[in-house]
Each structure stands twice: as structure tokens, then as C-alpha cells.
There are 2 protein chains.
Amino acid sequence: MPKTKPIRLDQQLCFQVYTANKKFNHFYQQALKPFDLTYPQYIAMLTLWQYAPLSVKQLGEYLHLDSGTLTPLLKRLESHGWITRSRSESDERTVIIELTDDAKNKRDNVFERVNSCFDILGLTPEEKEACSQTMSTIETKLDSYNESHL
Amino acid sequence: MPKTKPIRLDQQLCFQVYTANKKFNHFYQQALKPFDLTYPQYIAMLTLWQYAPLSVKQLGEYLHLDSGTLTPLLKRLESHGWITRSRSESDERTVIIELTDDAKNKRDNVFERVNSCFDILGLTPEEKEACSQTMSTIETKLDSYNESHL
DNA sequence: GTCAATTTAATTGTAAACAATTAATTTGAT
DNA sequence: ATCAAATTAATTGTTTACAATTAAATTGAC
């Protein structure tokens, strides 16, 4: 009876992605320290700087997050003065997220800080492109698997 | 005064990695459902199947996790009968994690299940290799940045 | 127009992750 | 041998993430 080949942890794609994500997390957490933003909060702000105003649902579609995650995160962003939350008048079910003036003013500062840290990483355009390409491939395959196994 | 270029969320590497990780998480969570293992628990078990017995500290070094994360995770694995936890006799500070017979017996079943799901993804060897390569590059760069900014 | 079905956000409960602290043990310098 | 420093896990507190449920508002079928 043949023994299954051992699975080497460091060769598992999932583990590499899992680890890379944690390191990205740490990297951005450091870069964002001056702004009192966590990494997920920064990602939410990125979306809002691009598309605000947005409903919680719309924001969740961009981020693939539900209200269970977003409601508390948005309350924290609100209490730190980044956003406002208000019920829509035309549809009382939806909550509209808007940027504060302060958040609009800080936008360029945050981008500058994050970009300069990212530049220090020293990824070549080719490396960035390769990474982006790879992630897209993985996502596409995972999507089609995940969708067929609801 | 030139306006900063808008940052497109879907072009941010960090966001792609963040998203891919979540989708991997979902993918493995599904594949592992029959075994009552979460994805992080599975990653811990992978390490233990390869190296057990291990101390909490040693396991943490493989996984880049500290006792704050591992202690509760290991307690759950223990309560589900995957592992045992016991103080080392030679050094009462360290806790030794060992596999139960049940865990050893289930090893091949888990691998078979996970591998067959992974195969369905349909990643070519080239794609796998490209992904692995990319992740290594990213990790190396992030490591050197993170280490220089302690 | 009424009421069941749907939609939206919030809530509840569980698991991860990490920083900071604590408690116990071991090591090592003297 | 003693005691300060270092090591190891556990604990505490905060934030994410997600499943499942709840509450309120809206839509639509009739």
C-alpha cells in the first residue's frame, strides 16, 4: 500500500498566499500608522475616495465584505472622523457613507505616504505585472470553483 | 497644483492578494467541511503532519504565528481530538503538541480530499509555478522592508 | 390596497490575528 | 548559590471576517 507523498508546507500555494497576505498586512499597518488607519480600513477608504458616496451594500460589493464586517468597521471610521453614515431619505433601508472634508483633505497625504513605502519595496514593473497577472488567474479559477459549489 | 493620480482599487497588489487570500480561505473551508477543520487549523495540521511533535514556539515559527493566536487554535484542535498538549518534562515552560492516532489515520483522507478539490481548479503546472515564484518575490521584498522598519 | 417575498443593515456568535502584558521557568553572570 | 535577564505560553483587549438571524422598509403579485 503506497504511502501518500508528504505535503510540503512551503510549497503549498495557499500557504504562500496566506503568508504574503499577512506580510502585506504588516507592511501597510506600519505605513499607515501616522494616520491611525488599519489595513482593512485603508482598503475601505481607497474605495470611498474613488466612489463615495456609497451605500453599505455597494461598498461591500467592491470589497467582497458583508454588513457583519462593514458595520463595525464603518462605525470606527466614523468615530475617527473619516466618514459620515446616514440613512437614505428615498429608501430608509440603505445607509449612505460619505467622506468628511477632513478625509478628502488627507487623501493625498495618505497616498503619498503609502506610495513612498511601496516604492521602497523595489518591485520592478515586470514583477508587479507578473504578480497582478498571477493573482488574477488564481482569482478567476477560485471564483469559478466557488460558484459551482454553493 | 497637480492633482494626485487616482488609485484604482482593482490595480492595487495588496488588494489582489487580500482578495485572493479570502477566496482561498473560502475554497479550503468548503473542501475541509467534512473534517470539521477550518483553514488555519488545516495549515497547522499540515505542519504537524510533517514535523510533530513540536512545541508551540516551533509551530509558531513555521506558521509565523504567536501564542496569542495558537493557544486558542490548538485548544480547539485538542477538543476535536486532533492533537494532545502537554508540558515538557525537561522544560516546564514549553508545551509539546503531538498528533493523536486519529489524526494520523485521517491524514491521507484529508490530503486526498484537498488535492482532488485543488485539481478541479485546473491550474496548469506553469501557472502554479508562476504563482509560487511571484509569491516568493513579494515575500522576500516585504521581509526586507519589514525587518528594516522594526 | 393587502400582504407575502425581498432587500438592506444591524446583531449575535465563533474563529483568527496581533499587540501588550503576565506568570512561570530556565539560564547565566557574578 | 543567588538573582537579574531571558524564554515560553497563556491571557487580555482590539480588530477582522463570516455565517446565521433579526428588524425594518420596500416591492410586487394578486
Just to be sure I understand, how many residues within region A:27-41 are more than 7 Å from DNA strand D (Cβ to nearest atom) and farther than 16 Å from A:Leu121 by Cβ? 5
Only residues that are in contact with a Gly (Cβ under 7 Å, 6 or more places away or on another chain) and either assigned to a helix (DSSP H, G or I) or acidic (Asp, Glu) (or both): list them for region A:97-115, please. A:Asp102
Just to verify a result, which residue in region A:134-145, among those that are facing chain B (nearest Cβ under 8 Å) and of a type outside the set (D, E, K, R), is farthest from the chain's Cα centre (by Cα)? A:Tyr145
Pairs, first surrounded by 13 or more Cβ atoms within 10 Å (Cβ to Cβ) in region A:121-137, second assigned to a loop (DSSP other than H, G, I, E, B), C-beta under 8 Å, six or more apart: A:Cys131/A:Leu123; A:Thr137/B:Leu123
Exception for B:Val114 within (1) within 16 Å of DNA strand D (Cβ to nearest atom); (2) among the β-branched types (Val, Ile, Thr); (3) in contact with a helix residue (DSSP H, G or I) (Cβ under 6 Å, 6 or more places away or on another chain) falls at (1)
Take the conditions touching a strand residue (DSSP E or B) at 6+ places or on another chain (Cβ under 8 Å), among the polar types (S, T, N, Q) and within 13 Å of DNA strand D (Cβ to nearest atom) and apply them to B:Ser67. Does it pass? no
In region B:21-68, residue nearest to the other protein chains (Cβ to nearest Cβ) [restricted to those that are part of a loop (DSSP other than H, G, I, E, B) and modelled with pLDDT of 95 or more]: B:His64
Please enumerate the residues belonging to region A:88-102 that are near DNA strand C (Cβ under 8 Å from one of its atoms) and over 14 Å from A:Leu59 (Cβ atoms). A:Asp91, A:Arg93
Could you tell me which numbered condition B:Gly68 fails, if it satisfies all but one of (1) of a type outside the set (Ser, Thr, Tyr); (2) closer than 15 Å to B:Met45 by Cα; (3) open to solvent by 50 Å² or more (accessible area, probe 1.4 Å)? (2)
Give the residues of region A:109-118 that are surrounded by fewer than 16 Cβ atoms within 10 Å (Cβ to Cβ) and without any contact (Cβ under 8 Å) to a residue 12 or more places away in the chain, sorted by residue number. A:Glu112, A:Asn115, A:Ser116
Evaluation of A:Lys106 against (1) open to solvent by less than 50 Å² (accessible area, probe 1.4 Å); (2) touching a residue at least 24 places away in the same chain (Cβ under 8 Å) (one fails), failing number: (1)
Can you confirm whether A:Leu13 is over 17 Å from the mean Cα position of the chain (by Cα), more than 8 Å from DNA strand C (Cβ to nearest atom) and within 7 Å of another protein chain (Cβ to nearest Cβ)? yes
Condition (residue is part of a helix (DSSP H, G or I), of a type in the set (Gly, Ala, Ser), away from DNA strand D (no atom under 13 Å from the Cβ) and open to solvent by less than 50 Å² (accessible area, probe 1.4 Å)) applied to region A:76-96: is it met by at least one residue? no
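The values are calculated or read from the model by the stated rules, or taken from the named source; none is laboratory data. Here the structure is a predicted model, which is why all the values come from computation and not from measurement. Note that we place each Cβ from the backbone using ideal geometry, even for glycine, and neighbour counts take in every protein chain shown. The area values use the complete protein model at the heavy-atom level, side chains included, leaving out ligands, DNA and RNA. Shrake-Rupley method; radii C 1.70, N 1.55, O 1.52, S 1.80 Å.
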